[in-house]
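Trainee: Pasting in a structure now, in structure tokens, and then I'll have a few things to ask.
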Amino acid sequence: MCSLSLQCCVEKSCKTHDGVMSSVEGSLERLGLDYIDLLLIHQPYNDVYGAWRAMEELQKQGKVRAIGVSNFGVDRAVDLAAFNEVTPQVNQIEINPFQQQTKNIEALKKEGIIPEAWAPFAEGKNDIFTNPVLEKIGNKYGKSVAQVIIRWLVEQDIIVLAKTVKPERMVENLNVFDFELTEDDKTQIATLNQGESQFFSHYDPEMIKWMASRNLNI
Ligand SMILES: NC(=O)c1ccc[n+]([C@@H]2O[C@H](COP(=O)([O-])OP(=O)(O)OC[C@H]3O[C@@H](n4cnc5c(N)ncnc54)[C@H](OP(=O)(O)O)[C@@H]3O)[C@@H](O)[C@H]2O)c1
């Protein structure tokens with residue numbers, strides 16, 4: 001599977017409908033692929049309407065299978081759906097035990113948008129891999145903290161975008177389909193929620209300006 005986040009949509013140099021079309025053509029060529037499984041708008045800034053209409057066209061042409069967004073509030077995703085043909089199929093947002101996003105997840109599902117978790121391990125922040133609550137749950141099932149977190153997400157029907165460069169961890173992270181969390185486990189995990197991003201706010205004007213100044217072309 002090839003999933004591509006369309007980072008160029010926040011760039012000044014690539015903000016138009018035509019910019020998206022040429023960016024995807026370029027990516028397909030460099031990847032040596034005929035189509036991409038999932039194409040996302042990375043951030044809810046700049047000309048997301050132009051980008052979205054280009055993505056709808058690319059989907060019709062069979063160059064992408066599914067299209068979605070990332071870091072969109074539910075309101076912005078619904079707005080995009082209401083005034084275009086295709087409802088975003090995925091919204092990739094930060095979801096981990098410290099930023100559980102329960103209400104957003106519920107609202108996305110209600111709109112038919114599948115939540116996808118980026119940084120499911122909070123990139124290791126707050127000593128997540130030695131968190132006593134998660135370790136205690138894992139010990140009951142002979143599972144690691146990473147496996148408990150992935151299982152917790154899978155049981156909520158959330159797509160998990162867990163990153164590792166280590167083959168043995170890739171195997172470990174996939175090995176989560178032979179146990180189930182109890183209601184008590186889930187209640188314990190709920191206590192870890194801090195209700196805010198472990199990284200930054202997408203509503204912070206300074207952050208938006210910083211993103212607009214970046215020059216990423218993929
Ligand atoms: N849409 C967005 O705005 C956005 C933002 C941030 C990230 N993302 C994407 O989300 C994906 C995952 O996020 P992320 O990499 O930021 O954070 P993450 O998946 O929460 O954490 C990755 C870290 O966890 C470690 N790890 C993975 N499996 C482990 C295991 N079983 N045991 C112990 N440590 C383990 C990795 O180390 P090793 O690699 O050394 O194993 C790495 O340090 C990436 O593909 C990233 O591109 C998207």
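Trainee: Is it the case that GLU168 is loosely packed, with under 10 Cβ neighbours inside 10 Å and either among the charged types (D, E, K, R) or not in a loop (DSSP other than H, G, I, E, B) (or both)? Explain how you work it out, then say what you get.
Mentor: Numbers: loosely packed, with under 10 Cβ neighbours inside 10 Å: yes; either among the charged types (D, E, K, R) or not in a loop (DSSP other than H, G, I, E, B) (or both): yes.
So GLU168 fits the description; yes.
Trainee: Take the residues in segment 147-173 that are near the ligand (Cβ under 10 Å from one of its atoms) and of a type in the set (A, V, I, L, M, F, W, C); name whichever of them is farthest from GLY68 (Cα to Cα). So that I can check it myself, show each step before the final result.
Mentor: Filtering segment 147-173 for residues near the ligand (Cβ under 10 Å from one of its atoms) gives 147, 149-150, 160-173.
Restricting the remaining residues to those that are of a type in the set (A, V, I, L, M, F, W, C) gives 149-150, 160-162, 165, 170-171.
On the way: ILE149: 24, ILE150: 22, VAL160: 15, LEU161: 14, ALA162: 18, VAL165: 25, MET170: 25, VAL171: 27 Å.
Out of the qualifying residues, it is VAL171.
Trainee: May I ask you to list the residues in segment 119-161 that are among the hydroxyl-bearing types (Ser, Thr, Tyr) and either closer than 26 Å to ALA107 by Cα or loosely packed, with under 14 Cβ neighbours inside 10 Å (or both)?
Mentor: THR130
Trainee: Could I ask something else about it? Residue pairs, Cβ under 7 Å, 6 or more apart or interchain, first in segment 186-210 and without any contact (Cβ under 8 Å) to a residue 40 or more places away in the chain, second of a type in the set (Ser, Thr, Tyr). List them.
Mentor: Listed pairs, sorted by first residue: MET207/SER201.
Residue-by-condition table, conditions (1) at pLDDT 95 or above; (2) more than 22 Å from LYS110 (Cα to Cα); (3) exposed (fewer than 15 other Cβ atoms within 10 Å of the Cβ):
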{"site": "ASP18", "(1), (2), (3)": "no, yes, yes"}
{"site": "SER22", "(1), (2), (3)": "no, yes, yes"}
{"site": "SER27", "(1), (2), (3)": "no, yes, no"}
{"site": "PRO44", "(1), (2), (3)": "no, no, no"}
{"site": "LYS60", "(1), (2), (3)": "yes, yes, yes"}
{"site": "LEU80", "(1), (2), (3)": "no, no, no"}
{"site": "GLN89", "(1), (2), (3)": "yes, no, no"}
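The values are calculated or read from the model by the stated rules, or taken from the named source; none is laboratory data. Note that this is a predicted model, so its numbers are computed, not measured. Quick reminder, even Gly has a Cβ in these numbers, built from the backbone with ideal geometry, and neighbours come from all protein chains shown.
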